[in-house]
Amino acid sequence: MRRYVIRRLLQLIPILIGITLLSFGMMYLAGGDAVTALLENQGVAVTQEVIDAKKHELGLDQPFMVQYLSWFRGLVTGSMGTSYVTGKDVFQTFVSKLPATILLTLTSVIATVVVAVPLGIVAATRQNKFVDYLIRVLSFVGNSLPNFFVALLLIFVFAITLGWLPSISANIGKTGIAAISWTGLVLPTATLAIAMASKYTRQIRATVLDELGKPYVAGARARGVSEGRILTRSVLKSVMIMLVTLLALSIGDLLGGTAIVETIFQWDGVGKLAVDSIVMRDYPMIQAYVVWMAIIYVMVNLVADLLYHYLDPRVRLGGDD
Amino acid sequence: MPGGTTCDGHITVRTQRVRRNHTGAKLAVFAMLAVAVLAVAVLAPLLCPYDPYAQDLSHALEAPSSAHLAGTDRYGRDLLSRIIVGSQSSVFFTLLLVVMVAVLGTAVGVVCGWKGGKLDVVLMRTSDVFLAFPGLVFALAIAGVLGGGMINAVLALAAIGWPKYARIARGLTLAQKGEPYLAAARLAGCSTAQLVFSHILPNIAGPLLVTAMLDIGTMMMELAGLSFLGLGAQPPVAEWGSMMSENRSLLQTAPWTIIAPGIAIFITVMVFNLLGDTVRDYMDPEQRGRRKDKDESEEA
């Protein structure tokens, strides 16, 4: 296990270097535009001389590797420059918005598990019965609905028609997690959970069916072990192992995939920050968002992998691969 | 008890027979539906009841009626016509995107699997780096840097889409490389190009095709999502995602302006998802439901 951990950590190094190179390179290619955007945001008349002077001031006329290394140093020390729009520190802004996105991610994951696990198991145990068909149709529909449409439908039904819940999640004037109203959490969570639960219900159903078809289940049945006991004692375990990896992966996906939902619900997290920055062409902010989301995603995946190794004795004891 | 039914051999046999009979018929039906969607996109200009760009402010924001089946938007443009024309950008750009990632990914994967060595390591590590960006993060940033426009949105999504195909193609190529028939073909005097194009590619095309079919729906939603954020189609071009974004503020007063294009996306995505699932089942009845899991972990 320890050897595996060390090897995984070493494998991480080239990936992290690749991530930073790619994030930086992308913005480097946009370099000229970035300065124009900056000057336009400051309301300066844009002439070639002004652009050149600003480029020199920001060090953008340096060779690629020089720029990259100084940017990398900033990344490690947490000083990634200031926003072209607000003038605030980019890294600080990103960190202040992160808790809101993490909160939304966690509530969505919990909602997904609460919905998908029972539905998947029910569908599997009632295979090819009406309940199974109903669940499969629903999960298919959920899979085919774009999340922005789901979000708008939920707003239409629950915020506009019924008036039960607010359609906007943030309190004006505050930022980050302080801005979030708790009732405002419900609709964005539901939006994200509908898509994920649709996906996982199918997979959990498939896993349970797979497991129920194995000889040991037939053996247990032959010995008269009750169906409920088989499900809770044996089948649920295999579902759990699958679920841990899937969820860890989807946490990463959610962290990066909430941009649209956050924008619709005015949820003050990093996704909305990214979309706002893109609209304003706030390049340092986009850069910080991209590179940090990738780093977080890689870390979450690593933890998931290790956890999977730890949870599944077949993998853990079966050698280092 | 539910256990009684699953243990009962007779019932199991019957359900299997029913399923097998359905897959072929299902494939035909869904393929026809998909062709119908394509036909709507191709024939869009002929099918529109009104000019999709003609403004008529005296008929602005009319609810669906017999004259305007899907209602009108704030400029009095007929929504049904806009949806029909919008199918062009959604369908064509999605297909362009899927073909692009599938071809590019397959090319990289086959080269990696075939050549091996340093080239393989470099290309695969590169694909790892692309896979390290979660969800749409990287696509958002690329679309942001490139600016709006459908082509740029397609490029942004292609940048995050190709590694999946590269990995699958590489694995399949490696598996084929060890097959005796390939050695036989080489002994028979086949050149490398012949081996790759007339032996390897036809043998690995199946799984790649299935993956591509299954991806159409997702990619269509992602493209529409980028348009919704203003990073794809630009108004006044009729595109479903940007139509919904444009009309967002009308959700309270004129919900049909959002629901109608939403239903259009939903139906189109569902048709392609159904087709993808059926193609998968048809090609590989044994693997029903399993390959999906594999794909998911592959994306990690």
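Values in this text are rule-based calculations from the coordinates and carry no lab data. Fair warning: this is a prediction, and the values are worked out from it, not measured in the lab. Here the Cβ positions follow ideal geometry from the backbone for every residue, glycine too, while neighbour counts run over all protein chains shown.
Couple of notes before you dig in:
- Each Cα pair under 8 Å and six or more residues apart adds its separation to the average, and for chain A the resulting relative contact order is 25 percent.
- Rounded to the nearest 10 degrees, the inclination of helix B:79-115 to the longest alpha-carbon principal axis of chain B is 20 degrees.
- A Gaussian network model of chain B, with springs between Cα atoms under 10 Å, assigns the largest mean-square fluctuation among B:CYS48, B:CYS190, B:CYS112 to B:CYS190.
- The charge dipole of chain B, taken about the Cα centre with unit charges on the Cβ atoms of Lys, Arg (+1) and Asp, Glu (-1), comes to about 960 debye, rounded to the nearest 20.
- In this structure, the amide hydrogen of B:TYR50, modeled 1.01 Å from its nitrogen in the peptide plane, lies closer than 5 angstrom to those of B:SER81, counting only residues at least 5 positions away or on a different chain.
- Protection-proxy order for peptides A:240-253, B:158-171, each taking the mean of Cβ atoms within 10 Å per residue, highest first: B:158-171, A:240-253
- The Kirkwood radius of the range B:52-120, taken over pairs of alpha-carbon atoms, gives through the Stokes-Einstein law at 25 °C and 0.890 mPa s a diffusion coefficient of 161 µm² s⁻¹.
- Spatially near lysine pairs across chain A, Cα under 25 Å, sequence gap of 8 or more or different chains: 15
- Partner shielding of B:123-133 amounts to 5, given as the average count of beta-carbon atoms from other chains within 10 Å of each residue beta-carbon.
- Charged side chains reduced to their Cβ positions (Lys and Arg at +1, Asp and Glu at -1) give the range A:95-280 a dipole of some 760 debye around its Cα centre.
- Start at zero, step by 10 Å, and the Cα-Cα distances of the protein assembly as shown spread as 3, 14, 24, 26, 20, 9, 3, 1, 0 percent across the bins.
- Span from the the range B:80-106 Cα centroid across to the the range B:128-170 one, whole angstrom: 15 Å
- For chain A, the fraction of C-alpha pairs farther apart than 26 angstrom is 59 percent.
- When chain B is treated as a GNM with alpha-carbon contacts under 10 Å, the residue of B:ALA153, B:ALA188, B:ALA70 showing the greatest mean-square fluctuation is B:ALA188.
- Whole-Hz couplings from phi, Karplus 6.51/-1.76/1.60, listed for the range B:50-56; x for Gly and Pro: 10, 6, x, 10, 6, 8, 8
- Springs join every pair of Cα atoms under 10 Å in this Gaussian network model of chain A, and among A:SER70, A:SER23, A:SER96 the largest mean-square fluctuation is at A:SER70.
- Against chain B, whose longest principal axis comes from its Cα atoms, helix B:117-131 is set at around 30 degrees.
- Proxy reagent accessibility, fewest Cβ within 10 Å first, across A:THR36, A:THR125: A:THR36, A:THR125
- Comparing Cα centroids, the range B:204-223 and the range A:76-124 end up 28 angstrom apart.
- Footprinting exposure proxy ranking of A:HIS309, B:HIS68, A:HIS56, fewest other C-beta atoms within 10 angstrom first, gives A:HIS56, A:HIS309, B:HIS68.
- Positive end of the dipole of chain B (Cβ unit charges, origin at the Cα centre): among B:LEU214, B:PRO45, B:GLY144, the Cα lying farthest that way belongs to B:LEU214.
- When you count the other C-beta atoms within 10 angstrom of each residue and take the mean per peptide, B:248-257, A:113-122, A:192-201 line up highest first as A:192-201, A:113-122, B:248-257.
- Residues in the range B:182-191 carry Karplus couplings, in order, of 6, 4, 4, 4, 5, 4, 6, x, 5, 7 Hz; the curve used is 6.51 cos²θ - 1.76 cosθ + 1.60 with θ = phi - 60°, and Gly or Pro positions show x.
- The ellipsoid equivalent to the alpha-carbon distribution of the range A:95-280 has semi-axes of 37, 17, 13 angstrom, derived from the gyration tensor eigenvalues as √(5λ) and listed largest first.
- In chain B, the longest principal axis of the Cα atoms and the axis of helix B:290-299 are about 80 degrees apart.
- Sorting A:ASP210, A:ASP52, A:ASP282 from the fewest to the most surrounding beta carbons within 10 angstrom yields A:ASP52, A:ASP210, A:ASP282.
- Taken about its Cα centre, chain A carries a charge dipole of roughly 1720 debye when the Cβ of each Lys and Arg holds +1 and the Cβ of each Asp and Glu holds -1.
- Remark: mean inter-chain Cβ contacts per residue of B:260-272 equal 3, using a 10 Å Cβ-Cβ cutoff to other protein chain atoms.
- Compactness ratio for chain B: Cα radius of gyration over 2.2 N^0.38 Å (N = residue count) comes to 1.20.
- Close Lys pairs in chain B, defined as Cα atoms under 26 Å apart and 8 or more places apart or on different chains, number 12.
- Phi angles across the range B:150-158 convert, under the Karplus curve 6.51 cos²θ - 1.76 cosθ + 1.60 with θ = phi - 60°, into 3J(HN,Hα) values of 5, 4, 5, 5, 4, 4, 4, 6, 5 Hz, Gly and Pro given as x.
- Counting only other chain Cβ atoms within 10 Å of each residue's Cβ, the peptide A:262-273 averages 1.
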